[in-house]
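Below: the structure, in C-alpha cells.
The values are calculated or read from the model by the stated rules, or taken from the named source; none is laboratory data. If you're wondering where the values come from, they're calculated on a predicted model, not measured in any experiment. Cβ sites come from the backbone with ideal geometry, for glycine too, and all protein chains shown count toward neighbours.
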Amino acid sequence: MILSIIKIILIFVISVLSGVAALITIPINKDGRVFHYLAKLYAKGILLVSGVKVKTVGIENLQEGQSYIYVSNHASGFDIPAVIAGIPDQIRLVYKKELGKVPIWGWALKYNKTYIPIDRASGTDAIKSLEEAAEKIKNGASVLLFAEGTRTKDGKLQPFKRGAFNLAVKSGVPVIPLTINGSYKILPKKKFRIVPGQITLVLGKPIEVKANGGKQEELRLMDEVYRVISTNYVEQ
C-alpha cells in the first residue's frame, strides 16, 4: 500500500507538469498533434512509474493515414494511458464534461479542444459531442470510445451501448475492435492500489461501415464488434 501511495503521488506530479505544459502550448496546438504528443509522454510516464508494460498485437491491421473509430472494452483507469502509449495513431478521446473543471489538467483538456467533452446528463449535448467527434474524424483524427460506457466492476465483459456505433455510422469510417486485457487486476474500479503488470492491446481487423445506414447498421456493427472483443477478451 505504501508503494501504491508513492506511485499515486508520482502520477499526480506527472499530471500537474503535463497539464501545465499542455496549457502553455495551447497557442500552437492548432490540429491537436501537440496535445496528443504531450498526452503520449504523459501516458508513458504514468505507465513507467506504475510498473505497467504495454504489448500491442495487430498493429499490421492499421493503415497509415486512415482514420478509425476504436471501440473497446473498459476495465481500468489504466486503459486510456495504455491505448495512448501503445497505439501509433492520432487518437482523440471522449471525456466527461465535468472533468474540464478540474484544475490544471482538466483545464488543459477543456481549452486545448483536442479531445471531445460529453455531457451524459443531456441527450442533446451528447448528440452534439458525437457530431463534433465525427468532424474530427473527417479532419484526419481517430477516436476512442468505450462500448460498455463505464468500467467493469467484476472483470467481466458488459453489454455494449449504441453510442460508439451511432458515431461510426455518422462518420462512415472503419471500426477497429480493440480488446484490452490485463488492466483490471492493475487498477480495478474504486480501488487505489496499483499492481504492476502487463496490459495487452489486441487490435482487430477493420470493419467497414455503411455510412448513414441507420439503426440497422448500428446494431450490425455492435454485434460484430462484440463478437470480436468477446472472442479476444480474457476475463479477470
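Looking only at residues that are touching a strand residue (DSSP E or B) at 6+ places or on another chain (Cβ under 9 Å) and modelled with pLDDT under 95 in the stretch 56-72, which one is surrounded by the fewest Cβ atoms within 10 Å (Cβ to Cβ)? Filtering the stretch 56-72 for residues that are touching a strand residue (DSSP E or B) at 6+ places or on another chain (Cβ under 9 Å) and modelled with pLDDT under 95, the one surrounded by the fewest Cβ atoms within 10 Å (Cβ to Cβ) comes out as GLN66. Note on the stretch 37-72: residues that are in a helix (DSSP H, G or I) and either touching a residue at least 12 places away in the same chain (Cβ under 8 Å) or on the phi > 0 side of the Ramachandran plot (or both) amount to 14. Based on what the data block shows, is GLN216 free of Cβ contacts under 8 Å to residues at least 40 places away in the same chain and either buried (at least 22 other Cβ atoms within 10 Å of the Cβ) or not in a loop (DSSP other than H, G, I, E, B) (or both)? The answer is yes for GLN216. Considering each residue of the stretch 137-155 in turn, at least one proves to be closer than 18 Å to VAL71 by Cα, at pLDDT below 85 and assigned to a helix (DSSP H, G or I).
For residues that are part of a loop (DSSP other than H, G, I, E, B) and at pLDDT 90 or above, scanning just the stretch 188-197, find the one that is surrounded by the fewest Cβ atoms within 10 Å (Cβ to Cβ).
So the residue we want is PRO196.
Scanning the stretch 86-101 for residues that are among the basic types (Lys, Arg) and crowded, with 17+ Cβ neighbours inside 10 Å yields ARG92, LYS97. When the stretch 73-82 is filtered for residues that are surrounded by fewer than 23 Cβ atoms within 10 Å (Cβ to Cβ) and either polar (S, T, N, Q) or not in a loop (DSSP other than H, G, I, E, B) (or both), only ILE80 remains. Residues that are surrounded by fewer than 21 Cβ atoms within 10 Å (Cβ to Cβ), over 17 Å from the mean Cα position of the chain (by Cα) and not small (Gly, Ala, Ser) are absent from the stretch 140-149.
Please tell me if THR200 is closer than 30 Å to LYS53 by Cα and assigned to a helix (DSSP H, G or I). The answer is no for THR200. Against the condition touching a strand residue (DSSP E or B) at 6+ places or on another chain (Cβ under 6 Å) and either among the acidic types (Asp, Glu) or assigned to a helix (DSSP H, G or I) (or both), how does ALA85 come out, does it pass? Yes; evaluated as a whole, the condition is true for this residue. Within the stretch 160-185, the set of residues being among the aliphatic types (A, V, I, L, M), part of a loop (DSSP other than H, G, I, E, B) and surrounded by 23 or more Cβ atoms within 10 Å (Cβ to Cβ) is empty.
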